[in-house]
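Written out below as structure tokens is the structure these notes cover.
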Amino acid sequence: MSRLVVVSNRVGDMTASTQSGGLVTALGDALRDGNGIWFGWSGEVVEEGTPAGLNLERQGNVTIATQPLTGEEYDHYYLGFSNRALWPVFHYRLDLADFDAEAANTYHNVNTRMAKSLAGLLAEDDVVWIHDYHLIPMAAELRKLGVENRIGFFLHIPFPAPEIITAVPHHEWLIDTMFAYDVVGFQTEQDVQNFGRYAEQTAAVMTPETHPFRTAQRKLKVKCYPIGIDVDAFASMATTPEAAERIRHLRRGTISHHVIGVDRLDYSKGLPDRFRSFRRFLEMFPDHRKTTVMMQIAPPTREELTAYSEIRTELEQLSGAINGAFGDFDWTPVRYIHRSVPRDVLAALFRGSNVGLVTPLRDGMNLVAKEYIAAQSRQDPGVLVLSQFAGAAADLTEAIIVNPYDADEVAAAIHAAITMSLEERRERHDALLQRIRQRDVARWRTSFLEDLRAEAA
Ligand code: ADQ
């Protein structure tokens, strides 16, 4: 079988355990099976003028190929265009987007430089799988260098409606480069439709004669490949003796209802709205006050960006205000933890919580929703409350689906979840568990790679 070359902004650690999550779990086996290469940014930031050498390291039978970024590249390519322009726009937050021409240029240049380094590593029949919004134009840059290999792209975040994406200056250039791929994968049918609508409405993209990337041989396949998790690996972390001990600790004293949220501290995750919804729950259902606790685990990310430091301050104020207004000497309603937590601890916390609160304002998929389901006991499962704006909502229809902007609705959903009969909880959970098993991470990987390799053989 042809060798797999994975390209992503950050590369994973192939020596980490298979339970580490992220792309390592998702792609590890496919890379190991065929002596693959994983190419991307090393995470290092070096001074301008430092030769941008390629660092090659063998981890088992996988080659890890990385390059550093200069300080300027980090500021403009990573923080600037990727995370101050594309991330907010793709999550429908035009109000937070900052379009800076220098950042856009550097984004292009980093993609060009990375493509040149990667081209030198490619063998004729390698298949290349590029990931996410940092690297959209990479295939176009590879094509310019004469690379004719099969190249696929998967977008982990939403592809927004054309009315939104056309706000990005030079969006035609950016989206045009997606036509240099053989396969473009999205999380949901909605994303596929949005891409189709954009293509229809933007004539330049649709004219094959004017499109240098489209040839009779290269037809673009656009499809939805919903990402999943390794259900058994996650479930097994939730059922260890250590997990049982943690769970006992969660529901102590008067606490019979434990509500959990786990998200990177990102404005797309709807955390302030979630805190306001929990406050509404305490106002609307005073009987549940002393028996219910909400734990929110939200590790910091992208802290250099103002939008992220602002949301941190906002959450600290909101949790402080709720605890001040409602808390008592023997009860703290909100437990807010601003750091990363080992995955086995997360699994135990999920299993010990009656309600999983996953209420992003926009999310490509949201794996926490699937992890919460995987961690539950089948005999006595908790209830998932899920935002209609998470990609996961397309599949996980037996969750309580909510509008995260509507605090009263989310508050009522928390109440419905903690008062739901065991029979209904089991029915919903069985259906959800079946769904996440059908569409697990192995299926995501194999279906994408089958399509990518389809005409390569
Ligand atoms: P993210 O925005 O990072 O991913 P998500 O899908 O929820 O969102 O994945 C987060 C992962 O990080 C989960 O595995 C979760 O358990 C873990 N995590 C979160 N908080 C943690 C904490 N405090 N400590 C340890 N681990 C924590 C992007 C897109 C999503 C898409 C994924 C995969 O934004 O929509 O589902 O990629 O494609």
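Here, each number is a calculation from the coordinates, and none is a lab measurement. Everything numeric here is computed off the predicted structure, so don't read it as measured data. All Cβ positions, even for glycine, are placed from backbone atoms using ideal geometry, and neighbour counts span all protein chains on display.
Ranking His249, Gly21, Ala392 by how far each Cα lies toward the positive end of the dipole of the chain (charges on Cβ) leaves His249 at the top.
For GluC sites (Glu not before Pro), the sites in the stretch 1-91 that DSSP calls loop and that have at most 15 other Cβ atoms within 10 Å are Glu47, Glu48. Label the stretch 228-346 by shape, choosing from rounded, prolate and oblate, from the square roots a ≥ b ≥ c of the eigenvalues of the Cα gyration tensor; if a/c is under 1.5 it is rounded, and otherwise prolate applies when a/b is larger than b/c, oblate when it is not. Taking the square roots of the gyration eigenvalues as a ≥ b ≥ c, the stretch 228-346 is oblate. Size of the chain from its Cα atoms: along the principal axes, largest to smallest, the extents are 68, 44, 42 Å. Can you give me the angle between helix 407-419 and the longest principal axis of the chain, using Cα atoms only, in degrees from 0 to 90, rounded to the nearest 10? Relative to the chain, helix 407-419 is tipped by roughly 60 degrees. Between the beta carbons of Arg197 and Glu409, assuming R0 = 22 Å, the FRET efficiency works out to 0.15 to the nearest 0.05. Among the GluC sites (Glu not before Pro) within the stretch 299-382, those in coil by DSSP and having at most 13 neighbouring Cβ atoms inside 10 Å are Glu303, Glu304. A DSSP coil position with no more than 10 other Cβ atoms inside 10 Å describes the following trypsin sites (Lys or Arg not before Pro) in the stretch 319-385: Arg339, Arg378. For the pair Ala52 and Lys116, the difference between a 0.36 nm per residue extended length and the Cα-Cα distance amounts to 21.9 nm.
For the listed residue pairs Lys144/Lys370; Lys116/Lys221; Lys223/Lys269; Lys116/Lys223, the alpha carbons are over 31 angstrom apart in Lys144/Lys370.
Bridges between two residues of the chain, per DSSP, are antiparallel at a rate of about 10%.
Which of the peptides 247-253, 86-92, 387-393 is most tightly packed, and how do the rest follow, going by the mean number of other Cβ atoms within 10 Å of each residue? Walk me through the numbers before you get to the answer.
Numbers: 247-253: 12.4, 86-92: 21.1, 387-393: 24.0.
Averaged packing, sorted descending, gives the order 387-393, 86-92, 247-253.
Can you order the peptides 319-330, 265-276, 168-179 by their average number of other Cβ atoms within 10 Å per residue, highest first?
Result, highest mean first: 265-276, 168-179, 319-330.
Report the Cα centroid-to-centroid distance between the stretch 387-443 and the stretch 1-68 in angstrom, as an integer. Value for the Cα centre distance between the two parts: 35 Å.
Assuming charge only on the beta carbon of Lys and Arg (+1) and of Asp and Glu (-1), the dipole of the stretch 231-438 about its Cα centre is about 360 debye to the nearest 20. Projecting label points 7 angstrom from Cα along Cα→Cβ for Thr313 and Met1 puts them 5.1 nm apart.
Remark: the chain carries a charge dipole of roughly 1040 debye about the Cα centre, counting +1 on each Lys and Arg Cβ and -1 on each Asp and Glu Cβ. Taking only the alpha-carbon positions of the stretch 71-130 and ignoring solvent, what does the Debye formula give for the base-10 log of I(q)/I(0) at q = 0.24, 0.27 Å⁻¹? Relative scattering, expressed as log10 I(q)/I(0), comes to -0.89, -1.00.
Take the Cα of Glu427, step 7 Å toward its Cβ, do the same at Thr306, and the gap between the two points is 5.1 nm. For the stretch 231-438, the Kirkwood radius over C-alpha pairs fed into Stokes-Einstein at 37 °C and 0.692 mPa s yields D = 194 µm² per second. By how many degrees, between 0 and 90 and to the nearest 10, does the Cα long axis of helix 306-326 differ from the longest principal axis of the chain? Roughly 10 degrees between the two axes.
Axis of helix 241-250 versus longest Cα principal axis of the chain: the two differ by about 60°, to the nearest ten degrees.
Is the shape of the stretch 30-189 best called rounded, prolate or oblate, per the rule: a/c under 1.5 gives rounded, else a/b larger than b/c gives prolate, else oblate, with a ≥ b ≥ c the square roots of the Cα gyration tensor eigenvalues? Oblate shape, in that a/c is at least 1.5 and b/c is the bigger or equal ratio. Here's the list of aspartates and glutamates a cross-link from Lys219 could span, going by alpha-carbon distance under 16 Å and ignoring same-chain residues fewer than 8 apart: Glu148, Asp176, Asp182, Glu209, Glu450, Asp451, Glu455. Counting neighbouring Cβ atoms within 10 Å and putting the fewest first, the residues Val45, Val341 line up as Val341, Val45.
Applying 1/(1 + (r/R0)^6) with r as the Cβ-Cβ distance of Arg378 and His288 and R0 = 30 angstrom yields a FRET efficiency of 0.75. Rounded to the nearest 500, the helix-only mean residue ellipticity at 222 nm of the chain stands at -12000 deg cm²/dmol, with each DSSP H run of n ≥ 4 adding -39,500 (n - 2.57).
Label reach from Ile337 (point 7 Å along Cα→C-beta): in the stretch 347-363, amide nitrogens under 14 Å belong to 347-353.
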